[in-house]
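Please read the structure below before turning to the comments.
Read-outs: derived from the displayed coordinates by stated rules, not from any lab. In this text, all values refer to a predicted model and were calculated from it rather than measured experimentally. Positions of Cβ are generated from backbone atoms using ideal geometry, with glycine treated the same way; all protein chains shown enter the neighbour counts.
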């Protein structure tokens, strides 16, 4: 990567939009330009508003790791300005997380190497996460006397439970991919050499699925923690009836009756 290379790449491969962090010389550490570029890439996907070709958003990192967290060196350059620098990064990052949460397509993270700090928070925020067997996870924040950002404190306890989340956040120990799978941080672990292919295959499978139903599933599950049972039952009814109006629902029913594989179009 040259100094003029963009810190984040948005690559569209058919119905899959890939956001790739692209600062490999610093393990994709998050500085303000990178955070802003990530926000802009998320905006670009969201602005399709369900009218574009994107049916899956996948997030990955170029080089030797997914993301080594924030660019801590920037804080050390001028300690007095660290709160201002961190505030700017967090503002962009948190806008990105709000955008991702509202998307109507599945969000997949494909991670390898260091997955630390904001990188771990982002991995936790995805709907699905596939990890290379060389991935190493750490919340890292406590190591520099900081608290989590990037939705880490929200998604981590929902994935692993409160007591385990406290341990991971406070002690900030490094755990390997096998342990991340065991505690529920990731969905599957694959050999490092196979990560790109496995992630692409999973993204393609999601892209060929019933997009409106996936949107309903992700929003129902994500919002379930904030609802009563009565509220969730009402939301389930509303979502089911909405998907029953889609072409994919009609295709799914027809395929089921005909005992064939459905051909979903995302409509």
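Ignoring everything except DSSP H segments at least 4 long, calculate the 222 nm mean residue ellipticity for the chain; use -39,500 (n - 2.57) per segment, divide by total residues, nearest 500.
Details: 11 runs with 129 residues, N = 267.
The helix-only estimate for the chain comes to -15000 deg cm²/dmol at 222 nm.
For region 211-258, how big is Rg over Rh, using alpha carbon atoms and the Kirkwood form of Rh? It would help to have the intermediate numbers written out before the result.
Numbers: Rg = 12.3 Å, Rh = 11.5 Å.
Reported Rg/Rh, Kirkwood definition of Rh: 1.07.
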What distance in nm separates the simple spin-label points at residue 171 and residue 102, each placed 7 Å from Cα in the Cβ direction?
3.9 nm
With springs only between Cα atoms under 10 Å, which of 181, 233, 195 fluctuates most in a Gaussian network model of the chain?
233
Sort region 22-94 into rounded, prolate or oblate with this rule: let a ≥ b ≥ c be the square roots of the eigenvalues of the Cα gyration tensor; rounded if a/c is under 1.5, and if a/c is not under 1.5, prolate when a/b is larger than b/c, oblate otherwise.
oblate
Spin-label point model (7 Å from Cα, Cβ direction): what's the residue 254 to residue 48 distance in nm?
2.4 nm
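Peptides 110-121, 30-41, 84-95: what's the order by average Cβ count within 10 Å, highest mean first?
Values: 110-121: 27.8, 30-41: 21.7, 84-95: 16.5.
Answer by packing, highest mean first, reads 110-121, 30-41, 84-95.
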Can you give the FRET efficiency to the nearest 0.05 for residue 147 and residue 238, using r as the Cβ-Cβ distance and R₀ = 35 Å?
0.45
Just to confirm my numbers, what's the Cα centroid distance between region 127-186 and region 1-35 in Å?
23 Å
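Please report the antiparallel percentage of the DSSP beta bridges confined to the chain, to the nearest 5.
Values: 8 of 29 bridges.
Roughly 30 percent of the beta bridges in the chain run antiparallel, per DSSP.
Give the shape of region 172-267 as rounded, prolate or oblate, defined through the alpha-carbon gyration tensor: a ≥ b ≥ c are the square roots of its eigenvalues, a/c under 1.5 means rounded, and otherwise the shape is prolate if a/b is larger than b/c and oblate if not. Don't jump to the answer; show the numbers that get you there.
Values: a/c = 3.22, a/b = 1.33, b/c = 2.42.
Oblate, because a/c is 1.5 or more while a/b does not exceed b/c.
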Based on Cα positions only, what radius of gyration and what Dmax would you give for region 8-207, in angstroms?
15.8, 48
